[in-house]
1. I'm checking my understanding of the structure. Among residues of region 45-94 that are hydroxyl-bearing (Ser, Thr, Tyr) and open to solvent by 20 Å² or more (accessible area, probe 1.4 Å), which one is nearest to ligand 2 (Cβ to nearest atom)?
2. Applying the selection to region 97-127, what residues are surrounded by 12 or more Cβ atoms within 10 Å (Cβ to Cβ), away from ligand 1 (no atom under 11 Å from the Cβ) and more than 12 Å from His85 (Cβ to Cβ)?
3. Within region 1-44, how many residues turn out to be of a type in the set (A, V, I, L, M), in contact (Cβ under 8 Å) with a residue 24 or more places away in the chain and open to solvent by less than 50 Å² (accessible area, probe 1.4 Å)?
4. Given (1) touching a Leu at 6+ places or on another chain (Cβ under 8 Å); (2) more than 25 Å from Gly95 (Cα to Cα); (3) among the hydrophobic types (A, V, I, L, M, F, W, C), where does Val47 come up short, assuming only one miss?
5. Hey, could you check region 69-92 for residues that are within 16 Å of ligand 1 (Cβ to nearest atom) and touching a Ser or Thr at 6+ places or on another chain (Cβ under 9 Å) and say which is nearest to Ile18 (Cα to Cα)?
Amino acid sequence: MSSQTIFEKSLKDVHQSITKPRQAVFDALQHHQSLTTAQLIAACPDVDRASVYRTVDLFETLDIVKRIPNGWKYRLELGEAFLEHHHHATCRICGASIALPENPALEKTMQELAARRSFTLESHQIELVGICEACTS
Ligand SMILES: [Zn+2]
Ligand SMILES: [Zn+2]
């Protein structure tokens with residue numbers, strides 16, 4: 001299934017229509033790895049600010065978008081149906097959010113660690129903080 005098909009289905013499942021603002025917000029999210037709300041608003045010049053906020057709220061309830069903790073703020077990126085599951089490393093100097101490669105062994109280890117405490121792991125967020133390549137040089 002293409003991202004567009006998943007997107008359309010997510011909305012149809014809850015009897016929501018694909019409006020121009022919703023499509024614009026989705027396109028902007030698709031074309032960027034992750035965005036702050038301000039960047040998302042800038043990337044949708046034809047959509048007013050209030051509509052962007054409303055659309056993000058709706059998308060969040062439908063798991064179309066998720067908030068990635070980034071220091072004490074957050075960035076927005078498409079939900080896991082649209083992307084492979086991965087973690088992020090945040091640069092503490094410039095704030096860049098770098099998607100790390102997927103690692104099935106790491107995922108399995110976390111399930112196992114949780115299971116050792118009889119805990120059923122449903123999701124996790126790992127935030128790695130450091131200094132990016134650009135800020136090192
Ligand atoms: Zn940096
Ligand atoms: Zn993971």
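The values are calculated or read from the model by the stated rules, or taken from the named source; none is laboratory data. Bear in mind that the values here come from a model prediction, so they are computed numbers and not experimental data. Heads up, the Cβs are rebuilt from the backbone with ideal geometry, glycines too, and the neighbour counts pull from every protein chain shown. Each accessible area value is taken on the protein alone, full model and side chains, heavy atoms only, with ligands, DNA and RNA left out. Shrake-Rupley method; radii C 1.70, N 1.55, O 1.52, S 1.80 Å.
1. Per the stated criteria, the residue is Tyr74.
2. Gln111, Ala114, Leu121, Glu127
3. 6
4. Result: Val47 passes all but (1).
5. Once the filter is applied, the top-ranked residue is Arg75.
Okay, residues lined up against (1) hydroxyl-bearing (Ser, Thr, Tyr); (2) in contact (Cβ under 8 Å) with a residue 40 or more places away in the chain; (3) in the same structural domain as Tyr53 (by TED's automatic domain parsing):
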| position | (1), (2), (3) |
| --- | --- |
| Cys94 | no, yes, no |
| Ala99 | no, yes, no |
| Glu102 | no, no, no |
| Ser123 | yes, no, no |
| Ala134 | no, yes, no |
